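The structure's right below; bear with me while I get my questions together.
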Amino acid sequence: MAANMKQRIGIIGCGTMGSAIVSGLLGSRMSRSRLISVFDSVRAKSQILSQKFGVKVTRSNSQLVQEADVIVLAVKPQDLKWLGPEVRRSFKKGAVVISILAGTPLRALRQFLGTRPVLVRAMPNLGAQVGESVTALTGSHRRSLAVAEKIFSGCGKVVYVPERQFDLVTALSGSGPAYFFLLMELLVHIGVRGGLAKTTARLLAVQTALGAAKLAQASSVEPGELRRRVTSKKGTTEAALRYLERKKFPKMFSEAIARAVRRSRQLSEASRSFLRCSNASS
Ligand SMILES: NC(=O)c1ccc[n+]([C@@H]2O[C@H](COP(=O)([O-])OP(=O)(O)OC[C@H]3O[C@@H](n4cnc5c(N)ncnc54)[C@H](OP(=O)(O)O)[C@@H]3O)[C@@H](O)[C@H]2O)c1
């Protein structure tokens, strides 16, 4: 296992992702509770983390930033405009800020956070809650990327992707757990409608998804080939897959992802326009 991190880590925002990152950092022993500080504008959320993991709750974002070597931003993108002015003068020299904000380019982060911190952009997913996220990273400072890689390898796997592909990654893996949840939800629903007990239908759906994921992970064979191998001629699987093909499911699914990419671009564009407006009025 990689060596424990020695840096002081601050997490701003203790919602779904902020909490998952704290849990991943400690669960993987990548960091220790005495090195982690958290702050959330809803005090109860940071206190829950403190009680569960023994991490420190700071009085404010600016105190957190003054003390931390590495800061993970885990607030909603729209909250950055309040957060920026609060923290931009408080960063330590050489501080690394890792942002997981969807649709918020490095350029926008720089504008909001000022010139002091080194910036890394990351796109994890909900799998971080169970140490099974996949996180895309981008940035231009190699040592800071290595720091981010350590943090997110505590939450799952890490890949490096150029920033221009972040909208695509956001649509594929950032939003990805929801697509698989939808499939499981439908399987459960169909099972229950056919007379299965809900707990049985749920077990069938979830365990099947887990088995398929583990098989794909363990194998060097492409998912398409794995699918062909379990689809025997004139069998049940073929009957279902042919119907999906006929109804243009692959095309429909590609279109759905294209819409998620477009939405991510719109969010990036919105943060750019916000910057243009703030620059014009200052
Ligand atoms: N959830 C995902 O699956 C996922 C995946 C990849 C990336 N992301 C990104 O991760 C970020 C966080 O998402 P999330 O789902 O964890 O959101 P969340 O559950 O809403 O957590 C964000 C937390 O930050 C708090 N907050 C807002 N402004 C703050 C401030 N100025 N200082 C300190 N705390 C503040 C929020 O409080 P209030 O509730 O009062 O606003 C909330 O408790 C988002 O930018 C999202 O784009 C999420």
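A short reminder: the numbers here are calculations on the coordinates, not readings from a lab. Quick caveat: nothing in here was measured; it's all calculated off a predicted structure. Note: ideal-geometry Cβ built from the backbone for every residue, glycine included; neighbour counts use all protein chains shown.
Taking the Cβ of each residue in ARG34, ARG142, ARG116 as the centre, tally the other Cβ atoms inside 10 Å and list the residues starting with the fewest.
Lowest count first: ARG142, ARG34, ARG116.
Per the helix-only calculation at 222 nm, which mean residue ellipticity applies to the chain, given -39500 (n - 2.57) for every DSSP H run of n ≥ 4 and division by its residues, nearest 500 deg cm²/dmol?
-17000 deg cm²/dmol
Normalised by the number of residues in the chain, what is the relative contact order in percent for Cα pairs under 8 Å and 6+ residues apart?
Across the chain, relative contact order equals 15 percent.
Compute the helix-to-body angle for 236-246: its Cα long axis versus the longest principal axis of the chain, expressed 0 to 90° and rounded to tens.
Approximately 70 degrees, to the nearest ten.
In a Debye calculation with equal point scatterers on the alpha-carbon sites of segment 9-166 and no solvent, what is log10 I(q)/I(0) at q = 0.08, 0.20 Å⁻¹?
-0.18, -1.34
Given the options ALA102, ALA128, ALA256, which has the most mean-square fluctuation in a GNM of the chain, springs set between C-alpha atoms less than 10 angstrom apart?
Highest fluctuation of the listed residues: ALA256.
Within 10 Å of each residue's Cβ, count the other Cβ atoms and sort MET30, MET17 from fewest upward.
So the residues, fewest neighbours to most, are MET30, MET17.
Per residue of segment 153-166, what does 6.51 cos²θ - 1.76 cosθ + 1.60 with θ = phi - 60° give for ³J(HN,Hα)? Whole Hz please, x for Gly and Pro, Karplus curve as stated.
Rounded to whole hertz, the list is 6, x, 10, x, 9, 10, 10, 9, 9, x, 4, 5, 9, 5.
Using the count of nearby Cβ atoms within 10 Å as a rough guide to exposure, how do ARG89, ARG107, ARG121 rank from fewest to most?
Going from sparsest to densest Cβ surroundings: ARG89, ARG107, ARG121.
Oh, and also: Counting pairwise Cα distances across the chain, what percent come out greater than 24 angstrom?
Beyond 24 Å sits 56 percent of the P(r) for the chain.
What residue among GLY139, GLY191, GLY131 shows peak mean-square fluctuation when the chain is described by a Gaussian network model with Cα springs under 10 Å?
Greatest mean-square fluctuation among the candidates belongs to GLY191.
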